[in-house]
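**Q** Encoded as structure tokens, here's the structure I'll be asking about.
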């Protein structure tokens, strides 16, 4: 475990995922091509590919082939990208930059940005549906996967979290509400990435539940460390301005719990996540390394 | 056929679909409930339920039970509703009213309106996926249906049509482009409604193709008569202001072809649609009546 080269692993996986996304969501040629161009602009704007990496890793831990689950991994990244495009819109967070690049609506205009997000969400379900007809998976399993992704991405998950986030602005909310929000806004899709990877990798129900639980804690640790970074990080490493959450009066963990208790909470969630991986051998080392990395991340 | 009571049929079907939508997309109770409330506002804002009516009718023509296909019919209406919410946004068509009621963003604000549309689109795929696990349909068939809906709703269909529409504003476009746009923006989802109804109703490939072809022509006839109504209709019957397309310099059929040739084209598409139904008996009378009605519609 100490020897596991996380940086090289993440770099290789990202490269592989980028190449597959290129094939799975290629440029279009008809009169409608601009919306695909806009969608691809954000899809290839330097994302870390965390969700697909987790999905592929979960499939391997469960005994499956990462190649085979690539379409659902790509679909998860497309859903994540659509949510970023819509979240950045003037009516939402009104962000001009993301990862050091202009946001979608700053380049393509608001109308096309909205449609590009819609297109990514729609086509993500198309990629998943195709896995059952052409990908060699049992169709019933794919339908289960789609149901899980819908729950994680829809109003019971990511969309619900975003609306709570918007409605919390300028109001006094407690840590319970902030956690309820983050479990949905960020945690649900991360957890689902592991769950569907495990299902498609052929995992037992116990293995699926373990990976899902790991994902739940990883998602919370990710959010808490993200909040801490926003407060303390260095602008050049992060590609955005530190303190921007504070400036927007966002309800973050450090704002509500203080820095010390936020760090402690992140450590606890990482420990819980590692515990959920206890049933797995060294195939789960990448997942262990990812969880531990959150506690020392700089970007 | 002459005896078929279209008005009563449409009224009964609409009532049935409304009641089922109420069950299939109920109000939520968590902190995220406002986005569901917003989505339901538009979902129950007086739509004619054309797509679900067509889907149910196609299932019956193909020999299946309309009850069984209700979830996909509801999903199609949810996708249609999401597209209206997003199209009405200030960045898109900037409409304050639809069907005589305030548009979603005028009531709930832009941010929630965007998310409400996203939620309807996402949950629509959830309803379809559930049909394979609980609805008694072969999972492979449901995956085929999802693939068809993705193509019709995504950038190769509805979203593509909308982006072409936006980009055509203030530019000289010919009738070929306008038709290419309408086939995607309106036609694709209408045609898909018939196709997936036919598939789930157990139709043969010949029957599926016939109903899809009917849908293609119905969609175009619908759009042309919609354009004509906008030009000539009465405000109180339509629930919107006649001439609004003209005021926005929209590229309509009458603007490009003139009223006479537009009427003729609508008649031709209705005739082609009826021809595509030639292989069916009187079970297809509702579809025949709907096509013929387009030529005399007042709203």
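Bear in mind these aren't lab numbers, they're just calculated from the coordinates by the rules spelled out. From a predicted model like this one, the values you see are computed outputs, not experimental measurements. Here Cβ is always computed from backbone atoms with ideal geometry, including for glycine, and neighbour counts include all displayed protein chains.
**Q** What ranking do B:70, B:158 get, fewest neighbouring Cβ atoms within 10 angstrom at the top?
**A** B:70, B:158
**Q** With 10 angstrom as the radius, rank A:95, B:118, B:227, B:88 by how many other C-beta atoms surround their C-beta, starting from the fewest.
**A** Arranged by neighbour count, lowest to highest, A:95, B:118, B:227, B:88 become A:95, B:88, B:227, B:118.
**Q** Given a 10 angstrom Cα cut-off, can you work out which residue in B:30, B:210, B:63 is the most mobile in a GNM of chain B?
**A** With Cα springs under 10 Å in chain B, the top fluctuation among B:30, B:210, B:63 is at B:30.
**Q** Efficiency by 1/(1 + (r/R0)^6): what FRET value for residue A:275 and residue A:204, r their Cβ-Cβ distance, R0 = 22 Å, to the nearest 0.05?
**A** 0.75
**Q** Could the peptides A:97-107, B:43-53, B:179-189 be put in order, highest first, of the mean number of other beta-carbon atoms found within 10 Å of their residues?
**A** B:179-189, B:43-53, A:97-107
**Q** What are the label-to-label distances in nm, one decimal and shortest first, from residue A:209 to the same spot in the other copies, with labels 7 Å along Cα to Cβ?
**A** Those separations, rounded to one decimal, come out as 5.1 nm.
**Q** How would you rank A:204, B:29, B:83, going from fewest to most other Cβ atoms within 10 Å of each one's own Cβ?
**A** B:29, A:204, B:83
**Q** In A, who owns the beta-carbon nearest the axis carrying A over to B, and how many Å from it?
**A** That would be A:139, 2.
**Q** In whole angstrom, how far apart do the alpha carbon centroids of region A:125-165 and region B:179-205 sit?
**A** When both Cα centres are located, 23 Å separates them.
**Q** Other chains near B:105-114: what is the mean number of their Cβ atoms within 10 Å of each residue's Cβ?
**A** The mean count of partner-chain Cβ atoms within 10 Å per residue comes to 4.
**Q** Partner chain Cβ atoms within 10 Å, averaged over the residues of A:26-38 - can you pull that number for me?
**A** Going residue by residue through A:26-38 and averaging, the value is 5.
**Q** Here's something else I'd like to know. Which shape class, rounded, prolate or oblate, goes with the protein assembly as shown when its Cα gyration tensor gives a ≥ b ≥ c as root eigenvalues, a/c under 1.5 marks rounded, and past that a/b bigger than b/c marks prolate?
**A** Prolate.
**Q** Given the rule -39500 (n - 2.57) for each run of at least 4 DSSP H residues, summed and divided by the residues of chain B, what is its mean residue ellipticity at 222 nm, to the nearest 500 deg cm²/dmol?
**A** -22500 deg cm²/dmol
**Q** For peptide A:84-96, what's the mean number of Cβ atoms from other chains within 10 Å of each residue's Cβ?
**A** Shielding by partners across A:84-96 averages 3.
**Q** Name the shape class, rounded, prolate or oblate, that the alpha-carbon gyration tensor gives for region A:1-121, where a ≥ b ≥ c are the square roots of its eigenvalues, rounded holds for a/c under 1.5, and otherwise prolate holds if a/b is larger than b/c and oblate otherwise.
**A** Prolate, since a/c reaches 1.5 and a/b exceeds b/c.
**Q** Post the alpha-carbon centroid distance, region A:65-96 to region B:15-89, in whole angstrom.
**A** Taking the Cα centre of region B:15-89 as reference, the centre of region A:65-96 is 26 Å away.
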